[in-house]
Number of protein chains: 2
Amino acid sequence: MDQSLFTGPPAVINGITPAPERARTSIEETYLSLRQEILNGALPQGSKLHLEGLRARHGISTTTVREALTRLIGDRLVVAEGQKGFRVAPMSLADLEDLTYARMQIECLALADSVRHGDDEWEVRVVAAYHRLGITEDRLRAAPALHFDTWERQNMEFHAALVSGARSQWLERMRMILFHNSERYRRLSATKGPPPLKVRDEHTAIFEAAIRRDAEAAVEAMRVHIERAFNVIKSAHLLPESGGGAALPTSRNA
Amino acid sequence: MDQSLFTGPPAVINGITPAPERARTSIEETYLSLRQEILNGALPQGSKLHLEGLRARHGISTTTVREALTRLIGDRLVVAEGQKGFRVAPMSLADLEDLTYARMQIECLALADSVRHGDDEWEVRVVAAYHRLGITEDRLRAAPALHFDTWERQNMEFHAALVSGARSQWLERMRMILFHNSERYRRLSATKGPPPLKVRDEHTAIFEAAIRRDAEAAVEAMRVHIERAFNVIKSAHLLPESGGGAALPTSRNA
DNA sequence: AATTTGGATAATATCGATTTTATTGCGGCG
DNA sequence: CGCCGCAATAAAATCGATATTATCCAAATT
């Protein structure tokens, strides 16, 4: 699975731990670096991505910058207009609503399949990821700033482990795109403080249902988890309404 | 909807041709051209995409070729390996199975939402697209070779119209990627002859259910449609069981 | 005052060439 | 015989520069 959004080399047989993230080519290096900056907001939504500026900052050629940016288009983190260059993909409340809806559908599909068909190794991965995340969450309460990045990575890995038993590569690719885009919104409201206790509870609910192979319960817990995350961001009032997209019901499919 | 996968000319969302939408930049031109060749098999799965060859053939610079190819990576029609360049994304029966599954999930989600929430304009679009497709199908029986490309376009437009009432842009993006990839498989087995009568019947079933606002029936009909398409391709025995197009000798087309 | 026009400026798109990395073929050596 | 290393070659990645296109602003026109 050497997909664009998934970093690094063949990313470990068992699906977890994108780990070292070495970048062998300088395009990839730039790609990863830029993605990071977009996800954490260093490059704010809608901002122009000037070739010359990026070239200078990264010490590479404009051609290389262009290619890195083009790869980010595939991840829907960057948009390109006619002859007007690149910019960071815009964000809006309407877009978040839509994104949340889409992600809920896909993540839940994958989770259900994963819970139903995950093998022993899958179980082990889930337990490991859950436990590891728990450790970091404890540390996070003591020293938030110190372990924040670690938490974010392990949070992502926990979610990845949960669905790693699902058999559809295509769904996984779609999930990854949606997950990363959600991540960008989540970090908008992330206060760099300890995550609310609720998050831990929600993870626990998903985890326990998954391990006891109760697909429906796991899916329901995942829905709650995703929906609450949406509400947190929404009520932070950091987003423009615009985007034109009609409001979507983010709740269950009818 | 200025999406990467959505090709230009006949977007035809409301029946009237919107704008020529010609490819203004030479990267886009190359992108569209290459995509076409990949979809119709002129560039077979797994084949190496040599920069120099493409540069010469398209009369552009390697840099431009690279960027067009990078955009195709976002559509999952091309894969890039480390320092080994680009190749056409491999096909396999396993991949088709997976792809069909994923597409069924997403296309059906979109269809259900569309049928439930499509407005009058949506209905008009569906009726128009269905009727237009019907006309072409009649002509196709008389002179297959002549109208084949038209049929393919209108078939895609019919499916697009069906889900055009769905409100999720994100789901639509995912659907588009999956649809195009399916298209590549379908054309593997397309005989350039008239499409089986069954296809017409299936389209009719979907169409009628959609217009009478019966979401469940429409989804069921869509499932049948997608699944049969899968079986047709599968029984054509044109695909390797699993991944990896064996190293085809470098396609050297003039 | 608003719109248009022309030229200067800035940014992007594209090119041709160089550097870096993979692949291939061929002798030597175990 | 078959494996290993080493040149020679081919290809990809990257660069620096040129060609195109958009943007801005001021002067001119109505």
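The numbers here are math on the coordinates, done by the rules we state, and not lab data. Everything quoted here is computed from the prediction, not taken from an experiment. Methodologically, a virtual Cβ is constructed for each residue, glycine included, from the backbone with ideal geometry; neighbour enumeration extends over all protein chains shown.
Couple of notes before you dig in:
- Rounded to the nearest whole Hz, the Karplus-based 3J(HN,Hα) values (6.51 cos²θ - 1.76 cosθ + 1.60, θ = phi - 60°) of segment A:129-135 follow the sequence 5, 5, 5, 4, 4, x, 4, with x at glycine and proline.
- In Hz, Karplus ³J(HN,Hα) per residue of segment B:62-79 (6.51, -1.76, 1.60; θ = phi - 60°; x = Gly, Pro): 4, 4, 5, 4, 4, 5, 4, 5, 5, 5, 5, 4, x, 8, 6, 9, 9, 10
- Options B:LEU93, B:VAL124, B:MET104, ranked by Cα towards positive dipole end of segment B:82-131, top entry (Cβ charges): B:LEU93
- Residues whose amide H lies under 5 Å from that of A:VAL78, counting only those 5 or more places away or on a different chain, are A:ILE73, A:ALA89; hydrogens are built 1.01 Å from N in the peptide plane.
- Equivalent ellipsoid semi-axes, segment A:99-151, via Cα gyration tensor eigenvalues times 5, rooted, Å: 27, 18, 6
- Long-range amide H partners of B:LEU43 with built H, under 5 Å: B:ILE38
- Whole-Hz ³J(HN,Hα) from phi, Karplus 6.51 cos²θ - 1.76 cosθ + 1.60, for segment B:212-227, glycine and proline x: 7, 6, 9, 4, 4, 5, 4, 4, 4, 5, 5, 4, 4, 4, 5, 5
- Nonlocal amide H pairs with A:PHE86, under 5 Å, H built at 1.01 Å: A:LEU49
- Sorted from closest to farthest, the other copies place their A:VAL127 label points 6.1 nm away, with each point set 7 Å from Cα along Cα→Cβ.
- Shielding by partners - mean other protein chain Cβ count within 10 Å, residues of B:164-176: 6
- Partners for A:LYS198 among lysines (Cα-Cα distance below 30 Å; same-chain residues under 8 apart left out): A:LYS234
- Across the copies of the chain, B:GLY41 has label points (7 Å from Cα along Cα→Cβ) spaced 5.2 nm apart, shortest distance listed first.
- Overall form of segment A:146-191 per C-alpha gyration tensor (a/c, 1.5; a/b vs b/c): oblate
- Per-peptide packing, taken as the mean over residues of other Cβ atoms within 10 Å, places A:37-50, A:93-106, A:198-211 in the sequence A:93-106, A:198-211, A:37-50 from highest down.
- Distances between copies of B:ARG200, taken at a point 7 Å out from Cα along the Cα→Cβ vector and listed shortest first: 6.6 nm.
- For segment A:26-88, a/c is less than 1.5, where a ≥ b ≥ c are the root eigenvalues of the C-alpha gyration tensor. That puts it in the rounded class.
- Cα-based radius of gyration for segment A:93-235, normalised by 2.2 N^0.38 Å, reads 0.99.
- Shielding by other protein chains, A:57-64, mean Cβ within 10 Å: 1
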